[in-house]
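Student: This structure is in structure tokens; I'll ask about it shortly.
No lab work stands behind these numbers, since they all come straight from the coordinates. Keep in mind it's a predicted model, so treat the numbers as computed, not measured. Note that each Cβ is placed from the backbone with ideal geometry, even for glycine, and that neighbours are counted across all protein chains shown.
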Amino acid sequence: MSEPHRAQPSAGTAPDALLARLLGEIGRLLGGEAEFARPFLAALPREPFHRQPGDGEAFLPVLRDWSDCLARAPKEQAALAPVAEVLAALSPFLRWRQNPNYRVSPPDPGFLDGYGYSEIAGPYGLVAAGIRCGVLLLGPHIFYPAHRHPAEEIYIPLTFGDWQRGEAEIAVGGWTERPAGAVIHHPPKAPHAMRAGEQALAALYLWRGDLATEARLDVAGKAMPS
Ligand SMILES: [Fe+2]
């Protein structure tokens, strides 16, 4: 594995107005959803924000696919146009991370080249929060195998991809194609997996509960299934 990318000089501070628009859009996407979404919605930070530098790098290799995902999101789901637009405007200010557990032991040799996430609100985010909220990016053909964490989680894909949720689906190797704009709920410690097809996969994520314990793979080094 190559040395971690060094942090680039900051592009400046993301304007509060952009962050408020993004968090407002995420709230709107969650607003019509089931009971499980309500505590996430209630925990989204609101102005005045407690700003922090944000942890991570200005660039990771997977960012080669970022603009493609932002361009595809509103084409796949028109309701995502505002969130894609504000993410594009925030792009120069985002910091990108990789789960330290995967940096030490990636699931396959190509994984870290096509994986990263940017935390926007939360302990590592641009805005302090009692939840973690950001965006995950997987490059084309990247398989993110079964993993779990104690935090409860919601994903909102910005582009379509294949998802696995729960022991039963993972055990039989089944996949469910989730469209852009879907709301996917993972209870604490529920295993889940995803894979990108010919095109990259981007998804908003939200965590609540145990924010400190990072995800761990169920089986380290698991190969891409045929
Ligand atoms: Fe997760």
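Student: How big is the C-alpha Rg of the range 155-194 next to the rule-of-thumb value 2.2 N^0.38 Å, as a ratio?
Tutor: Compared with the compact-globule rule of thumb, the range 155-194 sits at 1.11.
Student: Go through 185-191, 118-124, 141-147 and give me the packing order, highest mean Cβ count within 10 Å leading.
Tutor: 118-124, 141-147, 185-191
Student: Ok, one more. Given +1 on the Cβ of Lys and Arg, -1 on the Cβ of Asp and Glu, and no further charges, what dipole in debye does the range 7-130 carry about its Cα centre, rounded to the nearest 20?
Tutor: So the dipole magnitude of the range 7-130 works out to roughly 180 debye.
Student: Using the reciprocal of the averaged 1/r over all distinct C-alpha pairs, how large is the Kirkwood radius of the range 84-201 in Å?
Tutor: In the range 84-201 this quantity evaluates to 15.1 Å.
Student: Measuring from label point to label point, each 7 Å out along Cα→Cβ, what is the Ala43 to Asp68 span in nm?
Tutor: Going from the Ala43 label point to the Asp68 one covers 3.3 nm.
Student: Note down, for the range 14-88, the three equivalent ellipsoid semi-axes (square root of 5 times each alpha carbon gyration tensor eigenvalue), biggest first, whole angstrom.
Tutor: They are 22, 19, 12 Å, listed from largest to smallest.
Student: If all Cα-Cα distances of the range 58-150 are sorted into 5 Å bins from 0 onward, what percent lands in each bin, rounded to whole numbers?
Tutor: Answer for the range 58-150: a P(r) of 3, 12, 21, 23, 21, 15, 5, 0 percent.
Student: Note down the magnitude of the dipole of the chain about its Cα centre, charges +1 on Lys and Arg C-beta and -1 on Asp and Glu C-beta and zero elsewhere, to the nearest 20 debye.
Tutor: Dipole about the Cα centre, nearest 20: 280 debye.
Student: So, one more: What's the Cα-based Rg to Rh of the chain, Rh via Kirkwood?
Tutor: A ratio of 0.93.
Student: Something else: Based solely on its DSSP helices, what 222 nm [θ] is calculated for the chain when runs of n ≥ 4 H residues each add -39,500 (n - 2.57) and the sum is averaged over all residues, nearest 500 deg cm²/dmol?
Tutor: That comes out to -6500 deg cm²/dmol.
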